[in-house]
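Here the structure is laid out as C-alpha cells; the discussion comes afterwards.
Please treat every number below as a calculation from the coordinates, not as lab data. Because the structure is predicted, anything quoted here is derived from the model rather than measured. No Cβ is skipped: glycine too gets one built from the backbone with ideal geometry, and neighbour counts run over all protein chains shown.
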Amino acid sequence: MTAVAPEHVRPEQIVAARAALSERTPLVQCLTNSVVQTITANVLLAAGASPAMVDNVHESAAFAQLASAVLVNVGTLDDGKARAMSLAAESAHRNGTPWVLDPVAVGGLEFRTRVARELLQHAPTVVRGNASEVLGLAGAGAGGRGVDSTDGVEEALVAAREIADRTGGAVAVSGVVDVIVHGGRTVRVSGGHPLLTRTTGAGCSLGALVAAYAAVAEDPLVAAVAAHVHVAVAAERAAAQGVGPGTFAIRWLDELDAVDADAVRDDLARSGRIA
Amino acid sequence: MTAVAPEHVRPEQIVAARAALSERTPLVQCLTNSVVQTITANVLLAAGASPAMVDNVHESAAFAQLASAVLVNVGTLDDGKARAMSLAAESAHRNGTPWVLDPVAVGGLEFRTRVARELLQHAPTVVRGNASEVLGLAGAGAGGRGVDSTDGVEEALVAAREIADRTGGAVAVSGVVDVIVHGGRTVRVSGGHPLLTRTTGAGCSLGALVAAYAAVAEDPLVAAVAAHVHVAVAAERAAAQGVGPGTFAIRWLDELDAVDADAVRDDLARSGRIA
Amino acid sequence: MTAVAPEHVRPEQIVAARAALSERTPLVQCLTNSVVQTITANVLLAAGASPAMVDNVHESAAFAQLASAVLVNVGTLDDGKARAMSLAAESAHRNGTPWVLDPVAVGGLEFRTRVARELLQHAPTVVRGNASEVLGLAGAGAGGRGVDSTDGVEEALVAAREIADRTGGAVAVSGVVDVIVHGGRTVRVSGGHPLLTRTTGAGCSLGALVAAYAAVAEDPLVAAVAAHVHVAVAAERAAAQGVGPGTFAIRWLDELDAVDADAVRDDLARSGRIA
C-alpha cells in the first residue's frame, strides 16, 4: 500500500518528533491515577522521556513551571489530588508549559466530571480520551462504562471539535481508529492492537506520551499524532509475537524503546497509518 | 486420578461460571490497596472482566449501584478510603450488588481491624482472606505477620463458619489448600503454586476475581470456588515453565487469559482439585 | 582480575548477609511513594524478604515496633503520609528497629526537603539517594531534575560524610559507581547496568533492599554494600540476556531471586566489584 500523506500533518514531522523525544528527554510531570502510575512512568522511560510524579498540593504548581510538560489524569481523584491538579494546570498554562488533560471515566461520574470541566479553563494543549469521555467532557453523551467507551469515535467528533475550539488546543479521541482534531484540521491514526485494552493503563500512558511529545513538537496536532503512531506501531510489533496479555504489556515497553525515528519513518512510508 | 465431585458444588457449575465471566465482562469496582491496584486490574482484564478503581468518597456509593460487583480490600487504608469503602459496601448491599471483603492484615492492626469489622454489617457476599486474617476478623487468633498468615487454614475453619453465619455469605480461607464455607457447606480447593506468594498482590487479585465471579454466579460458594480454581490452574501452568518470580507473575496473567471454560473442565475432570 | 578486599568490608560479610536475608525473611515495613510500591514489594519478595506497606497515621508507629526494618521514601508525599512517616521513623528509632531514609527528589522541592530533613533527627540507619538528593538533604547542591541526579557521586561525598556524622548511620550515594560512607569508612561498589535507570523504581527498590539487609546485618555499612552488590549482580545478569527495558525489569526480579549467597561469593571472588 502506498502511504498517502494527510492534508494536515506530514510524515517527516512525526519522524522529527520521535527523534526529538529521544534527544531531549523531556521531563514529564504526571498527576495521574494511582492504578497506572507505574506503567505510565515505564512507558515514558521506554520512549525516552523522564517521568516525575509530583502530584501534591505543595509542589505541583512549582514543578509545573520547571517541567517540560504536564499530564493531568483524573482517575482515582480525591479532594487533595483535585486541588493539586488545578494548581498544576493553572501554573502550566501561565508559564507556557504544554499540558495534557486525560478525562478518565468523565461523563458518568459527577465529581470527576466537574473537576475535569473546571480544568478546561486552563486551556490544555491536548485533551486525550475515548469517545465516551470526550462526549462526557463536552456535556454530551450518556457516559461510558468505567474506563470503557460505549460510544464510537466518529460520534464524538463534534464534541471533540467543540472542546478544541474552546481551548485552542488539540483533542484526541482514541479508539479502533483514533481521530485527532485541532483548529480546522482532522487526522486519523489507524492500527494498534486489541491487547492494548487488555492491559491496564495503556490508554492513560498514551496520554502521558502525548505530553512528552507536546514538549518537543510545537504543533499540538503533530504531538498527538506522533504519540498515537508510536503506541500503535509498538503494540503491533509486540502483538506479532503471539503472546498473552501479561507478556504483551512487557514486550510493548520493549518495543516503545525499539521503535525509534527510523522505525517510525519505515512504518509511515508503507502503512497508510495516518490519514 | 478420578475426580470425585464434592457434595456441595458440581464441576459443571464452575465451568459455567468461567464461561459466563468471559461472556458477560462484569464491571468490577475495586476499592483496594495502592500496592496491588495494577496487578488487580490486570488480573481482572486477563480473566475477562472489566476493572474500575472508583474509590473516592464522592463516587464510590453511586458507582457501587452501577457495577456488576464490588471489591473492598482494606490494605493501605486511610480515613478517606475507609469512608469510601463504607459508602460503597452500604450501597452494594442496599442495591443488591454482590461484594467481596478482603481483610488484609486484619487482626494485628487495630485501625483496619475496626474498619473491617464494621464493614461486615453490610453483609459481604464473600469474605476472602488467609487464616490469620479470617481469625482476626472474627476476633480470634493472634494476628498474622503483615500480609503473611501465621495460622493454618483448618484452624480458621470455626472462625470462617461463624463469619459466614453472621453475614449469610461465603467465607474463603486461602492457603496451601483453600477452604470455602457457606451455610452448612464446605469445599476445599487444592493446587496453586508457592510462587504465588512470591509476587505481590496475588492474594488480593484473587479477592477481586472472586468479586468478578460473584457477578456471574448466583451461588457465592460457586463464585468463590471458581475463582480459586481459576487462579490455581493458571498458576500451575505458569510455574510449569520453570521461571523465576518476575517472569512467573507475567506468565500467570497470560494463563489467566488462556484458562478458559474448556481448560477448567479438563482440569476438574482429572485433577481432584475440589473436594 | 583478582579481587582486592577493601579496607572496611570483607566479602565474607556480604556473603553472610545474603544468606541471612534468605534464612530470616525480614519483615520490611515500607512507607514509600505510590509509583513504586509494587516493584518495591516484588523486589523484596524476590530477594527473600517480606514486604508490608503499612503507611497510615493510625498504624505506622505500632508496626515499626514489630517490623524487622522500616523504609521511608518521600516520593509522592502528602500531609498524611508525611505525618505517618514521622511517626514510623520516631518509633523505629525509639524501638531499635533499623530504618532507611530515601530522600527522593529532595533539594529542588521545598515541601519534601523540609520533611526529609526533619526525618534525619530520628537517626536513619542508612540514607540512600543519588548525588543530587544527598546534596539536597545536606543543604548543598542545586537540586536534581525530578528523580534524576544532575550531580556526580564523588561531588556528593562531603555531603554524605556530613550526614553520616550527624546521624551516626551510613549514607549510600548511588550512581555509576556507588559510594557508601559510615564513620571514617568509605566503600565503592561498581557495576550494575544503565537499564536500571530505564525502569521506574529500581533506585527506590534498592532503598527497600538496604532496609532488608539492615535487618540482618548489624553493621550499616555491610547492609548498604550488600544491597548495592545484590542489585548490581542481578542487573548485569538480566541485561546480559540482551533485552529491552520492559523485559529487563522482569528478568531483574528473576535474578534477584537467583543471586543467592553462592552467586554473591563467586561474583566478589572475581569481579573487583567492591573497593
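Observations, loosely collected:
- Cβ-derived FRET efficiency at R0 22 Å, B:R94 paired with B:R166, nearest 0.05: 0.75
- The simple Förster model, with R0 at 35 Å and r as the Cβ-Cβ distance, assigns A:A269 and A:R114 a FRET efficiency of 0.20.
- For the range C:145-226, the list of GluC sites (Glu not before Pro) that fall in a loop by DSSP and count at most 10 other C-beta atoms within 10 angstrom reads C:E218.
- Chain A - Debye-derived log10 I(q)/I(0), Cα point model, q = 0.12, 0.13, 0.15 Å⁻¹: -0.63, -0.75, -1.03
- Annotation: for a label point projected 7 angstrom from Cα along Cα→Cβ of B:Q65, residues of the range A:89-132 with backbone N closer than 15 Å are A:108-111.
- Mean separation of Cα contacts under 8 Å, 6 or more apart, over the residue count of chain C: relative contact order %: 23 percent
- Proportion of all alpha-carbon pairs of the protein assembly as shown beyond 44 Å (%): 24 percent
- Over chain A: helical MRE at 222 nm, DSSP H runs n ≥ 4 each giving -39500 (n - 2.57), nearest 500: -16000 deg cm²/dmol
- Distances between copies of A:A275, taken at a point 7 Å out from Cα along the Cα→Cβ vector and listed shortest first: 6.0, 6.0 nm.
- Take each residue in C:58-69, count the other chain C-beta atoms within 10 Å of its C-beta, and the mean is 3.
- Angle in degrees between helix B:11-24 and the longest Cα principal axis of chain B, rounded to the nearest 10: 60 degrees
- Peptide A:75-83 - average C-beta neighbours from other chains (10 Å radius): 4
- Volume in Å³ per residue [convex hull over Cα atoms, computed for the range B:128-244]: 92 Å³
- Only alpha carbons enter this Debye calculation for the range B:1-141, each as an equal point scatterer, and the log10 of I(q)/I(0) it gives at q = 0.17, 0.20 Å⁻¹ is -0.95, -1.19.
- Averaged over peptide C:19-32, the number of partner chain Cβ atoms lying within 10 Å of each residue's Cβ comes to 1.
- Copy-to-copy label separations for A:A258, where each label sits 7 Å from Cα toward Cβ, in nm and ascending: 2.0, 2.0
- For chain C, built as a Gaussian network whose Cα springs stay under 10 Å, the top-fluctuating residue of C:A116, C:A47, C:A239: C:A239
- Acute angle (nearest 10 degrees) that the helix B:37-47 long axis makes with the longest principal axis of chain B, alpha-carbon atoms: 40 degrees
- Relative to the dominant Cα principal axis of chain B, helix B:202-214 is inclined by about 90°.
- Residue ranges C:73-82, A:183-192, A:241-250 sort as C:73-82, A:241-250, A:183-192 when ordered by packing (mean number of other C-beta atoms within 10 Å per residue, highest first).
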